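Asker: The structure that follows is given in the form of structure tokens.
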Amino acid sequence: MKRIMLSILLAGLLAACASKEAKQESKATIEESTPTQSQPQPSTAPAQQQSVAMDPLHDPNNILSKRSIYYDFDKSIIKDEYRPLVQAHAHYLVGNRSARMTIQGNCDERGSREYNLALGQHRADAEKNAMTLLGASKSQIETVSFGKEKPRCTEHNESCWSQNRRGDIVYQGE
Amino acid sequence: MTFKLRKRIRASAAWRGALTKIIFLLLFLYAGPLQAALTIEIIGGGATQIPIAIVPFAAEQGLPQSITQVVGADLARSGLFKLVDTGGINPLPVEPGDIRYADWKARNADALVIGTVRPLADGRLEVRFRLMDVAKQAQLAGFSYNIVPAQLRPTAHKIADVVYEKLTGIAGVFSTKIIYVVKQGSKYELQYADADGYGSQTVVTSNESIISPSWSPDGTKLAYVSFERKKAVIYLQSLLTGQRTLLANFPGSNSAPVWSPDGKRLAVVLSKDGISQIYLVNPDGSNLQRITYSGAIDTEPNFSSDGKWIIFTSDRGGTPQIYRMPASGGESERLTFEGTYNVSPRFSPDGKSFAFIQRGVGGGFNVAVEDLATRQVQVLTNSLLDESPTFAPNGKIILYATIENNRGILAAVSSDGKVKQRLTVQSGDIREPTWGPFLKAQQQVPVLNQ
């Protein structure tokens, strides 16, 4: 019960922050929808303009290119530092109703495979809940868990484990 | 008789603290694309070991498999027996009348196994064996088996089971099987093998992970979780026909299948309704029924062998702990209180205790056993990353997975913590062990009279 309260509280906070930024974000979307104007002189085009032309999901200067949220051991609470990332992806889904994503929950190797599978699912679902509270549609987000079955790093130490405790966002078609 | 033998050995506990280190290099009997050698290593001996001489079976030279060797290896591996050297005794006894008991008393043998293998006219073999009490100079057991040569190894396991049960009073598990997953590079194989690691057979191969295999109570079917659909789904597969059916493929994760003791239901874990919760379902996928409503992670269900209880892991209290509830659902009771991470509960076959994985104060994940009456917890291992404990069907051994030298291996510990073994494959990682059930009694075996 305590956990649920925390989740609702966190989601509420995210929603509060979100309403301000939603407008800025939608502006950016409009700018990006007219990229052809910068194309006539590609050789002299400044880097900034080039980034505008890029798919925001893959523009390294855009927060949408960041796809991983990292967790503490045995936790599925989204840390403050990842709120902007969750907000940005939620707004992208709001602005692009045809966009679909899968959130893949992962865990470090310690403990049971089944508990970690459930924990990874819980992490992915926590991200989905946060994004739907920010306006994304449930049908846009699928969640899966790989538990500890697909470690990014395979050494048996904390620096490795910390990389494996994460949720990854993958858009359809990627 | 059993009692007398054990008492006498206890009195002369010369073996206490002795560390036997016997290595058997076992080759898989069946050729396969991933043929690998399994090594079983005994790390510690029991406090008391019964000295027993296994006299080489007469006329077994030239056979594809030595019975003597398998019986001896089985008994030694249990940690409860000390093999007495049979060298230098000439002629070796074949029938009870041949035995010069003074020879065996001089070697401190309490028991003696003698036998023969005789070819029959129809191409089969007649295997005869007797277990003799050296002190009483009397027969404790005697059987004869008519078999085809391919049954030499299973017959040797049966003989070891008879010896083990006669001398310890506990059913032997040498004829049972284990299932486990081997990971070689990016390839996963679900395999089963005899309890000594021989005769491995591949059930299914996948490029994605396979976890949580579970035996049906009759030993003919498996349930397991596969990630081959890029998410966790549950399959059932017949070991007799190889036929496979999808049991659960709901949105989210489908996992942790385990059969009820009557084989009519399975407990599974689904996240389709929000968070991982426990459900019951028929083997054909019908009659799905949710039995936990905690709002927290509930997973790793396991039935008591009387079918009355389910123990499971839940983080409803803030950390993963072990709980018990009636098998149809209802009020649950927390069973673990030490530490912040207790997972993977498995009832002992007699239902009086359960094995689980406990994260210790030093951060290691170890196999532990809790007595349900006294709530006493005994930690049995001191490794770093143990997981997936599984009881032998006689309750005397717990098999589990662990990491050693950066590789996944299986290890076993006696339920009193005294005898330890390792089981490794030549290359790759081995994990997710589940010990199979006792199989139904075979046809009547002719008894050899004294």
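The values are calculated or read from the model by the stated rules, or taken from the named source; none is laboratory data. Since the structure is predicted, the reported quantities are computational estimates derived from the model, not experimental observations. Backbone-built Cβ (ideal geometry, glycine too); neighbour counts: all protein chains shown.
Asker: I'm trying to understand the selection: among the residues of the range B:334-391, which are in a loop (DSSP other than H, G, I, E, B) and within 14 Å of chain A (Cβ to nearest Cβ)? Break it down into steps so the answer makes sense when it comes.
Answerer: So the first thing to find is which residues in the range B:334-391 are in a loop (DSSP other than H, G, I, E, B), and the list is B:335-341, B:348-352, B:360-364, B:372-376, B:380-384, B:386.
Across the range B:334-391, the qualifying residues are B:THR336, B:GLY339, B:THR340, B:TYR341, B:GLY360, B:GLY362, B:GLY363, B:GLY364, B:SER383, B:LEU384, B:ASP386.
Asker: Here's another thing I want to ask about it. What is the one condition in (1) out of contact with any helix residue (DSSP H, G or I) (no Cβ under 8 Å at 6 or more places or on another chain); (2) in a strand (DSSP E or B); (3) touching a residue at least 24 places away in the same chain (Cβ under 8 Å) that B:TYR188 does not satisfy?
Answerer: Against the list (1) out of contact with any helix residue (DSSP H, G or I) (no Cβ under 8 Å at 6 or more places or on another chain); (2) in a strand (DSSP E or B); (3) touching a residue at least 24 places away in the same chain (Cβ under 8 Å), B:TYR188 comes up short only on (3).
Asker: Which numbered condition in (1) within 14 Å of chain A (Cβ to nearest Cβ); (2) surrounded by fewer than 18 Cβ atoms within 10 Å (Cβ to Cβ); (3) out of contact with any helix residue (DSSP H, G or I) (no Cβ under 8 Å at 6 or more places or on another chain); (4) of a type in the set (Gly, Ala, Ser) is the only one that B:GLY295 fails?
Answerer: The failed condition is (3).
Asker: Tell me which residues, restricted to the range A:52-96, are at pLDDT below 95 and part of a helix (DSSP H, G or I).
Answerer: Within the range A:52-96, A:VAL52, A:ALA53, A:PRO56, A:LEU57, A:HIS58 qualify.
Asker: Suppose we keep only residues that are among the aromatic types (Phe, Trp, Tyr) and assigned to a loop (DSSP other than H, G, I, E, B) within the range B:211-256. Which one would you say is farthest from the other protein chains (Cβ to nearest Cβ)?
Answerer: The residue in question is B:PHE250.
Asker: Consider the range A:83-103. How many of its residues are closer than 11 Å to A:GLY135 by Cβ and within 9 Å of the chain's Cα centre (by Cα)?
Answerer: Of the residues in that region, 2 qualify.
Asker: Report yes if some residue within the range B:134-151 is surrounded by fewer than 22 Cβ atoms within 10 Å (Cβ to Cβ), within 14 Å of chain A (Cβ to nearest Cβ), at positive phi and part of a loop (DSSP other than H, G, I, E, B); otherwise report no.
Answerer: No, there is no match, as no residue in the range B:134-151 is surrounded by fewer than 22 Cβ atoms within 10 Å (Cβ to Cβ), within 14 Å of chain A (Cβ to nearest Cβ), at positive phi and part of a loop (DSSP other than H, G, I, E, B).
Asker: Return the residues of the range B:257-275 that are of a type in the set (Gly, Ala, Ser), assigned to a loop (DSSP other than H, G, I, E, B) and touching a residue at least 24 places away in the same chain (Cβ under 8 Å); say none if nothing qualifies.
Answerer: B:SER260, B:GLY263
Asker: Same structure, new question: Quick check on my filter: what residues within the range B:298-324 are of a type in the set (Ser, Thr, Tyr) and either crowded, with 20+ Cβ neighbours inside 10 Å or facing another protein chain (nearest Cβ under 10 Å) (or both)? Talk me through it step by step, then tell me what you get.
Answerer: We begin by selecting, within the range B:298-324, every residue of a type in the set (Ser, Thr, Tyr); these are B:299, B:304-305, B:313-314, B:319, B:323.
If the condition is that a residue be of a type in the set (Ser, Thr, Tyr) and either crowded, with 20+ Cβ neighbours inside 10 Å or facing another protein chain (nearest Cβ under 10 Å) (or both), then B:THR299, B:SER304, B:THR313, B:SER314, B:THR319, B:TYR323 are the ones that fit.
Asker: Is there a residue being crowded, with 16+ Cβ neighbours inside 10 Å and at pLDDT 90 or above anywhere in the range B:413-421?
Answerer: Yes; the residues of the range B:413-421 include at least one that is crowded, with 16+ Cβ neighbours inside 10 Å and at pLDDT 90 or above.
Asker: Could you pull out the residue among B:SER186, B:SER212, B:SER216 that is in contact with an Asp or Glu (Cβ under 8 Å, 6 or more places away or on another chain), under 28 Å from B:LYS231 (Cβ atoms) and either surrounded by fewer than 20 Cβ atoms within 10 Å (Cβ to Cβ) or in the same structural domain as B:ASN406 (by TED's automatic domain parsing) (or both)?
Answerer: Unique residue meeting the criteria: B:SER212.
Asker: Follow-up. Anything in the range B:381-392 that is modelled with pLDDT of 95 or more and within 16 Å of A:GLY111 (Cα to Cα)? List them, or say none.
Answerer: Within the range B:381-392, B:ASP386, B:GLU387, B:SER388, B:PRO389, B:THR390 meet the criteria.
Asker: So, one more: Going by the conditions given, is B:ILE178 over 17 Å from the mean Cα position of the chain (by Cα) and either closer than 21 Å to B:LEU83 by Cα or crowded, with 19+ Cβ neighbours inside 10 Å (or both)?
Answerer: For B:ILE178, the condition - over 17 Å from the mean Cα position of the chain (by Cα) and either closer than 21 Å to B:LEU83 by Cα or crowded, with 19+ Cβ neighbours inside 10 Å (or both) - is not met.
Asker: Collect the residues in the range B:277-291 that are touching a residue at least 24 places away in the same chain (Cβ under 8 Å) and within 12 Å of another protein chain (Cβ to nearest Cβ), keeping them in residue-number order.
Answerer: Across the range B:277-291, the qualifying residue is only B:ILE278.
Asker: If you check B:TYR235, B:TYR224, B:TYR293, which single one turns out to be out of contact with any strand residue (DSSP E or B) (no Cβ under 6 Å at 6 or more places or on another chain) and at pLDDT 95 or above? Break it down into steps so the answer makes sense when it comes.
Answerer: Values: B:TYR235 fails: out of contact with any strand residue (DSSP E or B) (no Cβ under 6 Å at 6 or more places or on another chain); B:TYR224 fails: out of contact with any strand residue (DSSP E or B) (no Cβ under 6 Å at 6 or more places or on another chain).
None of the other options fit; the residue is B:TYR293.
Asker: Test of understanding: among B:LEU270, B:LEU240, which residue is assigned by TED's automatic domain parsing to the domain that holds B:PRO345, modelled with pLDDT of 95 or more and either surrounded by 13 or more Cβ atoms within 10 Å (Cβ to Cβ) or aliphatic (A, V, I, L, M) (or both)?
Answerer: Result: B:LEU270 is the single residue among B:LEU270, B:LEU240 that is assigned by TED's automatic domain parsing to the domain that holds B:PRO345, modelled with pLDDT of 95 or more and either surrounded by 13 or more Cβ atoms within 10 Å (Cβ to Cβ) or aliphatic (A, V, I, L, M) (or both).
Asker: Something else now. Hey, can you tell me all the residues within the range B:311-333 that are touching a residue at least 12 places away in the same chain (Cβ under 8 Å) and assigned to a strand (DSSP E or B)?
Answerer: Matches in the range B:311-333: B:ILE311, B:PHE312, B:THR313, B:SER314, B:GLN321, B:ILE322, B:TYR323, B:ARG324, B:MET325, B:PRO326.
Asker: Does the range B:410-428 contain any residue that is within 14 Å of chain A (Cβ to nearest Cβ), aliphatic (A, V, I, L, M) and in contact (Cβ under 8 Å) with a residue 12 or more places away in the chain?
Answerer: For the range B:410-428, residues within 14 Å of chain A (Cβ to nearest Cβ), aliphatic (A, V, I, L, M) and in contact (Cβ under 8 Å) with a residue 12 or more places away in the chain: absent.
Asker: Select from the range B:298-310 the residues that are out of contact with any helix residue (DSSP H, G or I) (no Cβ under 6 Å at 6 or more places or on another chain) and touching a residue at least 24 places away in the same chain (Cβ under 8 Å) and list them in ascending order. It would help to see each step written out before you state the result.
Answerer: From the range B:298-310, those out of contact with any helix residue (DSSP H, G or I) (no Cβ under 6 Å at 6 or more places or on another chain) are B:298, B:301-310; that's our starting set.
Within the range B:298-310, B:ASP298, B:PRO301, B:ASN302, B:PHE303, B:SER304, B:SER305, B:ASP306, B:GLY307, B:TRP309, B:ILE310 qualify.
Asker: Now for a different question. Taking into account only those residues within the range A:72-88 that are surrounded by 19 or more Cβ atoms within 10 Å (Cβ to Cβ) and within 14 Å of chain B (Cβ to nearest Cβ), which is farthest from B:PRO301 (Cα to Cα)?
Answerer: Step by step, filter the range A:72-88, then rank; the result is A:SER76.
Asker: Does B:ARG346 fit the bill of being closer than 18 Å to A:ARG113 by Cα, more than 21 Å from the chain's Cα centre (by Cα) and assigned by TED's automatic domain parsing to the domain that holds B:GLN289?
Answerer: no
Asker: Out of all the residues in the range A:137-169, which are out of contact with any helix residue (DSSP H, G or I) (no Cβ under 7 Å at 6 or more places or on another chain), away from chain B (no Cβ under 14 Å) and not in a loop (DSSP other than H, G, I, E, B)?
Answerer: A:SER159, A:SER162, A:GLN163, A:ARG166
Asker: Filter the range B:410-427 down to the residues that are basic (Lys, Arg) and not in a strand (DSSP E or B) and list them by number.
Answerer: B:LYS418
Asker: Right, here's the next one. Which of the residues belonging to the range A:89-121 are buried (at least 19 other Cβ atoms within 10 Å of the Cβ), among the aliphatic types (A, V, I, L, M) and in contact (Cβ under 8 Å) with a residue 40 or more places away in the chain?
Answerer: Of everything in the range A:89-121, those that are buried (at least 19 other Cβ atoms within 10 Å of the Cβ), among the aliphatic types (A, V, I, L, M) and in contact (Cβ under 8 Å) with a residue 40 or more places away in the chain turn out to be A:ALA90, A:LEU93, A:VAL94, A:MET101, A:ILE103, A:LEU119.
Asker: Only one of B:ALA195, B:ALA160, B:ALA156 is at pLDDT below 95 and more than 30 Å from A:THR102 (Cβ to Cβ); which? Explain how you work it out, then say what you get.
Answerer: Working: B:ALA160 fails: at pLDDT below 95; B:ALA156 fails: at pLDDT below 95.
Result of the check over B:ALA195, B:ALA160, B:ALA156: B:ALA195.
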